[in-house]
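Structure first, commentary second.
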Amino acid sequence: MIRVAIDGPAGVGKSSTSKALAKYFGFAYLDTGAMYRACAWWCLKQGIDLDAEQIDERVVTETVGEFFTGDHFDISVDPDKPAVSADGEDISEAIRSSEVSTHVSKVSNIIPVRNVLIAAQRAYIAREESADSFSGGLGVVAEGRDITTVVAPDAEVRVLLTAREEVRQARRSGQSTAGVGAEDVAARDRMDSKVTSFMTAADGVTTVDNSDMDFEHTLDVLIDMVENAI
Ligand code: C5P
């Protein structure tokens, strides 16, 4: 069982590279950002005011806890068809809306909420060790902001995927189709940095700066790292 932990800021191509890497090795793919997005989506749907000056953290934490323990939430770790659902409804697109993007950090900044999500993410990763898991015990690629440091600090492969600011800005602009402008995403990075550390690599984490690499090159570098760990 190989665990690959990938962290990094927005605009670096983390999701597409992680997905392709998982596909290449037949591993499971866990998009932890999608889990935080699903929580924000759920809270908004329950009518919680995430624009309030003083967000009721206790209510948000309870609501998120109920989302997971009440069996509302589901995520597919198949890299060929990653999907997130709530009560059987596919919300994979809804969680990419600009409304969710602008509110997600308010939810992910609440430490008790993070603790619920971290426990759930560890359970998904641990599940991949069993023979009847998606990957049949082969491995998992988990990506986010705190995977190398908090969720799976003992992963076999730990990568901080990053790129120069102006390169990420350019890639962000190219990704603005969901209505998320470059500034919004920069603000999200700033807010996310309050509770997670994804701008510099922790001890034992390899930094891959893909500023001057295209997608295929980045993927090749990561494939080499995983092959060396097998
Ligand atoms: O990766 P993505 O941009 O979809 O993540 C959405 C949001 O989820 C981030 O902006 C951050 O607030 C939160 N997140 C987090 N920890 C992770 C992954 C995502 O706080 N491991």
Quiz item: Using a Gaussian network model of the chain with C-alpha springs under 10 Å, which one of 27, 73, 215 is most mobile by mean-square fluctuation?
Solution: 215
Practice problem: Let me have the relative contact order for the chain, percent, based on Cα pairs under 8 Å that are six or more residues apart. | Solution: 35
Quiz item: Exposure proxy check: 6, 223 ranked by fewest other beta carbons within 10 Å?
Solution: 223, 6
Exercise. Using Cα positions and a limit of under 28 Å, work out the lysines in reach of residue 194, with same-chain residues fewer than 8 apart set aside.
Key: 14, 19, 45, 106
Quiz item: Given the Cα-Cα distance of residue 78 and residue 99 and 0.36 nm per residue of separation, how much length would full extension add, in nm?
Solution: 4.9 nm
Quiz item: What residues of the range 29-45 lie in the reach of a label at residue 130, counting those whose backbone N is under 18 Å from a point 7 Å from the Cα along Cα→Cβ?
Solution: 29-30
Exercise. Work out how much length residue 87 to residue 224 would gain on full extension: take 0.36 nm times their residue separation and subtract the Cα-Cα distance, in nm to one decimal.
Key: 45.4 nm
Quiz item: For the range 77-152, rounded, prolate or oblate, judged on the Cα gyration tensor with a ≥ b ≥ c (square roots of eigenvalues), a/c < 1.5 rounded, else prolate if a/b > b/c?
Solution: oblate
Quiz item: Quick one: what does P(r) look like for the range 19-156 with 10 Å bins over all Cα pairs, in whole %?
Solution: 12, 43, 34, 10, 1
Exercise. Grab the beta carbon distance between residue 1 and residue 216, set R0 = 30 Å, and tell me the FRET efficiency rounded to 0.05.
Key: 0.65
Quiz prompt | Largest to smallest principal axis extent of the C-alpha atoms in the range 79-230, angstrom | solution = 42, 42, 30
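Laboratory data are not the source of any read-out in this text; all were calculated from the coordinates shown. The model shown is predicted, which means the values in this text are computed figures rather than measured ones. Here Cβ is always computed from backbone atoms with ideal geometry, including for glycine, and neighbour counts include all displayed protein chains.
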